[in-house]
Amino acid sequence: MVDYRAETDLDAAVARECPDGIDAFWDNTAGAMHDAAMKILNTGARVVICGTIALSGSLGMPEMGERFLRQILVARATVQGFLVFDWWDKREEALDALAGWHKDGQLTIREDVVVGIDAMPEAFLRLMHGTNFGKQLVRIV
């Protein structure tokens, strides 16, 4: 596992955790982890872009960061956007599978919980700044 906030050399950390390269990468951020992963794509890799939260402060502006079109070409990778609504008709099947994996211990969930409605702005800022770990929740008491 790579903690992108704690690593001083993210490229080296991702390469260390993926010594054989990356065959499949699910990206929710479009941030520094994306950049590190794109550098070590294997031939035929599949990349799913599901979110771009790291770009939230610059929506409508040109994206900043590294460009990987040459790496996508050389790796002959497939890059595809993914929105949950594309699969909305399969949601019950997906929820059943996920619940089963969770029950069997094959899927674990990390939650970062703050308590009280007054903590909602803090939770939102933690999410936007990437200081939360796992799913950010607010418990209303």
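Bear in mind that the values in this text are calculations on the coordinates, not laboratory data. The structure presented is a predicted model; accordingly, all values stated were derived computationally and were not measured. Heads up, the Cβs are rebuilt from the backbone with ideal geometry, glycines too, and the neighbour counts pull from every protein chain shown.
Test of understanding: given the chain, find the longest segment containing no GluC sites (Glu not before Pro) that are in a DSSP loop and have at most 16 other Cβ atoms within 10 Å.
On the way: sites that count: GLU7, GLU63, GLU66.
The longest such stretch corresponds to 67-141.
For Rg/Rh (Cα atoms, Kirkwood Rh), the candidate list reads [x] 0.99; [y] 0.93; [z] 1.06; the entry that matches the value derived from this model is [x]. Under Stokes-Einstein, with the Kirkwood radius over Cα pairs standing in for Rh, what whole-number D in µm²/s applies to the range 10-89 at 4 °C and 1.567 mPa s? It diffuses with D of about 97 µm²/s by this estimate.
Find out how many positive minus negative residues lie around ALA6, taking Lys and Arg as positive, Asp and Glu as negative, among other residues whose Cβ is under 14 Å from that of ALA6. Provide the component values of the computation, followed by the final result.
Details: positive: ARG5, ARG16; negative: ASP3, GLU7, ASP9, GLU17.
Its environment carries a net charge of -2.
Note on the chain: GNM, Cα springs under 10 Å; of ALA123, ALA94, ALA13, the largest mean-square fluctuation is that of ALA94. Taking ASP96, ASP112, ASP35 as the candidate residues, the one with maximal mean-square fluctuation in a Gaussian network model of the chain, Cα springs under 10 Å, is ASP96. The amide H of GLN136, built 1.01 Å from its N in the peptide plane, has ASP112 as neighbours under 5 Å, considering only residues 5 or more places off or on other chains. For the range 106-141, list residues with backbone N below 15 Å from a point placed 7 Å from the Cα of ASN28 toward its Cβ? Zone members listed by number: 107-113, 124, 126-138.
The lysines within cross-link reach of LYS103, meaning a Cα-to-Cα straight distance under 21 Å and a gap of 8 or more places when in the same chain, are LYS90, LYS135.
Relative contact order (percent) for the range 1-138, with alpha-carbon contacts under 8 angstrom and 6 or more residues of separation? Relative contact order here is 18 percent. Under a 5 Å amide H cut-off, with hydrogens placed 1.01 Å from N, ALA24 pairs with ARG46 among residues at least 5 apart or on other chains.
Report note on the peptides 20-33, 68-81: ranked by the mean count of other C-beta atoms within 10 Å, highest first, their order is 20-33, 68-81.
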